[in-house]
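Worksheet for the structure shown next.
The values are calculated or read from the model by the stated rules, or taken from the named source; none is laboratory data. Keep in mind that what you see is a predicted model, and the values were worked out from it rather than measured. Here the Cβ is made from the backbone with ideal geometry for all residues, glycine too, and neighbour counts use every protein chain on show. Note: accessible area is taken over every heavy atom of the protein model, side chains too, but ligands, DNA and RNA are not part of it. Shrake-Rupley method; radii C 1.70, N 1.55, O 1.52, S 1.80 Å.
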Amino acid sequence: MTGSRGPSAPELLAVLDRERPQPLHSQLEQALRDHIRAGRLAPGTRLPSTRRLAADLGVARGVVSEAYAQLGAEGWLVGRRGGGTTVADRAVATPGGPDPATAGHERERIKFDFGVGVPDLSAFPRRRWLAALRAAL
C-alpha cells in the first residue's frame, strides 16, 4: 500500500489477508507496529488519512480507524483532529527494549482481571440473595 498524500507520505507495505482468522484491523495494527519497531516509520512521521489508507487497502474506513485508535491507545500513534495521525515520539525502535505500550509500567502480578465474561463470584452477595430467595418463596 502506498500513501499518496505527497512526497512526505511514507510508503506503508501491509498485506491484509481476508482468509486469515485474524481480523483485518488486527493485521493492520501488527503491520504498523512492525514498521515502527523496525524504524521504517520514524517518530513524528505522518500517516495517511483513514480514508486514503482504507481506499489504498480496499477495506472499510472503520478498519483503519479501529487500528489507528488501538495503536493510539497503546502509545504507538498520536492522532489530532484535523492534524492527522503521526508516529508517537516515544515510539522509538529499540531492539530488545520495551514496547511503548508497556513503557514505564512494571509488570507485576495482575491485581485486577478485566476479562470479558469472567465474573468475580467471590463478590456476589450470596447471603442477601439467599435471604431474598427465601422471603420470595
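Estimated from the Cβ-Cβ distance and a Förster radius of 22 angstrom, the FRET efficiency linking A60 and E19 is about 0.80.
Residues R134, R126 ordered from highest to lowest accessible area at a 1.4 Å probe: R134, R126. Coupling constants for region 123-137 follow from the phi torsions by the Karplus curve (6.51 cos²θ - 1.76 cosθ + 1.60, θ = phi - 60°), and in residue order they are 8, 6, x, 5, 4, 5, 5, 5, 4, 5, 5, 4, 5, 6, 6 Hz; glycine and proline get x. Ranking of E66, E19, E29 by solvent-accessible surface, largest first: E19, E66, E29 (1.4 Å probe, protein heavy atoms only, all chains present). Per-residue extension of 0.36 nm, minus the Cα-Cα distance of R90 and D34, leaves a gain of 18.6 nm for this segment. The accessible area of S122, taken with all protein chains in place and a 1.4 Å probe, comes to roughly 100 Å².
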